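Structure first, commentary second.
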Amino acid sequence: MRRPVIAGNWKMYKTQAETHAFLDVFCPLVAKSKHCDIVVAPPFTSLDVAAQAVRGTSIAIAAQNVHGQREGAFTGEICARMLVEIGCTGVIIGHSERRQYFNETEEGVHRKTKAALEEGLTPIVCVGEILSEREGNLTETVLQRQFEGGLGALTPAEFSRILLAYEPVWAIGTGKTATPEQAAQAHRYLRELAAVRFSFEEASALRILYGGSVKPDNIKGLMAQAEIDGALVGGASLDPRSFASIVNY
Ligand code: 13P
């Protein structure tokens, strides 16, 4: 059985004070939720505050990006060691917004994933097609390119430590969720890619999260799919009650 993961990606929302206020309400609402891993990914400036606020709970804190080098002259960047030091245990890598607005490439995703793994962080690696690719029947081609380019060169031991997130770009922030069947079909394909590149065992153990307009009222239907191992939630993770009700699906 794969343990479910419910993760909230706050994107560029919430100051330190707002992070505090969120966690004051959220932590008690999920204190008894033992059925899944819970992850919150605040912006860099709130990571420290968040890591301190969740101490003693089972909530994990993830960053939303990391640089691919150990350290160096890279003005404005943050490396994996810095994230570990302030209490992060995971990091989102290759989110479609980073691919779209910050020219993140497969090669970049690969380097960042390696850098995160080297410092013991759990990478949450995102893949997903845009609308024209889905409409052009290119979903599998795109997923294959992103999977192989970002993750194909990992060792099996490294691969066993990542989480994969399938986020169809057309479903992000649009209120247009993929149907549970559409999501499950993409997850099944990603698992096949993992089986071919790594092994059946690695593929069966891989946890694949769905992301794209996940809300309290559609999480149950998504999680009912055997292929869907969790959710990466954007907008609905910004409100503590709404995110708690997703965690407690
Ligand atoms: P929404 O849940 O707001 O569609 O965002 C999904 C997402 O991008 C999570 O990483």
Which residues qualify? For Gly128, with a placed amide H closer than 5 Å and at least 5 residues away or on another chain, they are Glu167
Computed ³J(HN,Hα) along the range 198-213: with the Karplus parameters 6.51/-1.76/1.60, θ = phi - 60°, integer Hz and x for glycine or proline, the list is 10, 8, 4, 5, 4, 5, 5, 8, 5, 9, 10, 9, 9, x, x, 6
Residues whose modelled amide H sits under 5 Å from the amide H of Ala231, counting only those 5 or more places away in sequence or on another chain, are Val5, Ile6, Ala7, Tyr210
Residue by residue through the range 109-120, the couplings from Karplus 6.51 cos²θ - 1.76 cosθ + 1.60 with θ = phi - 60°, in Hz, x for Gly and Pro, are 4, 4, 4, 5, 5, 4, 4, 5, 4, 4, 9, x
Chymotrypsin sites (Phe, Trp or Tyr not before Pro) in the range 57-165 lying in a DSSP loop, each with at most 15 other Cβ atoms within 10 Å of its Cβ, come to Phe74, Phe102
When all Cα-Cα pair distances of the chain are considered, the percent exceeding 32 Å is 14 percent
Here, trypsin sites (Lys or Arg not before Pro) of the range 12-112 satisfying both criteria (DSSP loop; at most 15 other Cβ within 10 Å) are Lys32, Lys34, Arg55, Arg70
Cα pairs beyond 22 Å in the range 100-238, in percent, come to 35 percent
Sorted by chain and then number, the residues having a modelled amide H within less than 5 Å of the amide H of Thr122, at least 5 places away or on another chain, are Gly90, Val91
Of the listed links Lys32/Lys114; Lys32/Lys220; Lys34/Lys176; Lys176/Lys220; Lys11/Lys112; Lys34/Lys112, those spanning more than 23 angstrom between alpha carbons are Lys32/Lys114; Lys34/Lys176; Lys34/Lys112
Expected sort for Met1, Met82 with the fewest Cβ neighbours (10 Å cutoff) up front is Met1, Met82
In whole percents, the bins of 10 Å from zero upward hold the Cα-Cα pairs of the range 4-66 as 23, 60, 18, 0
In whole Hz, the Karplus estimates of ³J(HN,Hα) for the range 43-55 (6.51, -1.76, 1.60; θ = phi - 60°; x where Gly or Pro) are x, 3, 5, 9, 4, 5, 4, 5, 4, 6, 5, 9, 4
If the chain between Thr75 and Lys220 were fully extended at 0.36 nm per residue, the gain over the current Cα-Cα distance would be 47.9 nm
Net charge near Phe22 (other residues with Cβ under 13 Å of its Cβ; Lys, Arg +1; Asp, Glu -1) is -1
One finds, for Leu138 and Val84 with R0 = 51 angstrom and r their Cβ-Cβ distance, a FRET efficiency to the nearest 0.05 of 0.85
The answer for the longest stretch of the chain without any exposed GluC sites (Glu not before Pro) (DSSP loop, at most 16 further Cβ atoms within 10 Å) is 78-249
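FYI, it's all coordinate maths here, none of it is from the lab. Source: prediction; values computed, not measured. We place every Cβ from the backbone using ideal geometry, glycine too, and count neighbours over all the protein chains shown.
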